[in-house]
Amino acid sequence: MQKLIIGCGYLGQRVAQQWLQAGDQVTVLTRSTERASELSKAGLQTLVGDLTRPDSLPSFPACETVLYAVGYDRSSSQSIEEVYVQGLENFLARIDPGGKVIYISSTGVYGQNDGSWVDEDSPCQPTRPGGVACLAAESLLASHPRGAGSIVLRLAGIYGPNRIPRRAAIEAGKPVAAAENGYLNLIHVVDAVEAILATEACLDLPPVLLVSDGQPVLRGTYFQEIARLLGAPKPQFSPPDEASHQAGRATSDKRISNRRLQETLPMSFQYPSYREGLAALLQCPEDPQTDEFS
């Protein structure tokens, strides 16, 4: 079957590999010819174009499934609204009707900051630009003719190989610029991929699902576990820089429920909590890399 991936990064490339192994033909869109060459060597069909520039977009093949997993490059000259909202509008104007669209969104669309539990029925009142843009893009997709064949997956913070946020600071004994209290909501990239594959195979889907391991953890507890596994000193914390784009994430405080995910999709978690995930990751060498949680 023909699959199309828009945004073949940390998550999308792993989904692409699974589809290739299943014998599917996978086409991906990328902005650079260099990246296209890399992806071609992995067996993917590549298209080059910039979602924010409609005149640069190629013709897209008819396909059974579209995975739309576009991230925001903060070194870009475009705003996050241009990338998430205008980019999606430009893409939708170019594709044929039919097929399932799996749109990767974020739990950042929720602005709750009191430690309360959040599910698909909770009000969306985002407080950060990324959450605002994600919610606007979700609304755009829902109002489009392709919305009837789409589902929005709101992902918690993805971690996995080469992506353990704040690891470098903890190893170096530097203060972690985050609030010690407040909950993190996580999903290992392996389980995020499994959720996407299960979503594709499922015929009866709600319009939105939250994708999280369902085991929120206090930041202090999480970073202490990283330190313990690394044999590093107990981490210290410092207030995040208010001007930093990470400031809101570093102080957010909500708990994401995955009950509907488990009731809807026939999947099991390889890493049911941060404990199993971190233990597996830190048993083998990896390059430190920082990232963000929602």
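Taking the helices alone, the chain has a mean residue ellipticity at 222 nm of -8500 deg cm²/dmol, built from -39,500 (n - 2.57) per DSSP H run of at least 4 residues and averaged over all its residues.
In plain terms, the bigger the Kirkwood radius, the slower the diffusion; for the chain, with that radius from Cα pairs, at 10 °C and 1.306 mPa s, Stokes-Einstein puts D at 81 µm²/s. Once you have all Cα-Cα distances for segment 14-171, histogram them in 10 Å bins from zero and send the whole-percent values. For segment 14-171, the pair-distance distribution reads 9, 33, 38, 17, 3, 0. For segment 109-181, the Kirkwood estimate of the hydrodynamic radius, built from every pair of different alpha carbons, is 15.3 Å. For helix 129-143, what angle does its Cα long axis make with the longest principal axis of the chain, in degrees from 0 to 90 and rounded to 10? So the inclination is approximately 30 degrees.
Normalising by residue count, segment 164-213 has a Cα convex hull of 98 Å³ per residue. Most tightly packed first, judged by the mean number of other beta-carbon atoms within 10 Å of their residues, the peptides 136-145, 5-14 read 5-14, 136-145. The count of lysine pairs in the chain with alpha-carbon distances below 25 Å, taking only pairs 8 or more places apart or on different chains, stands at 4. For the chain, take the longest principal axis of its alpha carbons; what is the angle in degrees between that and the long axis of helix 12-21, to the nearest 10 within 0 to 90? Helix 12-21 sits at roughly 60 degrees to that axis.
Quick note: the coordinates plus some simple rules give every number you see, no bench work behind them. From a predicted model like this one, the values you see are computed outputs, not experimental measurements. Note that each Cβ is placed from the backbone with ideal geometry, even for glycine, and that neighbours are counted across all protein chains shown.
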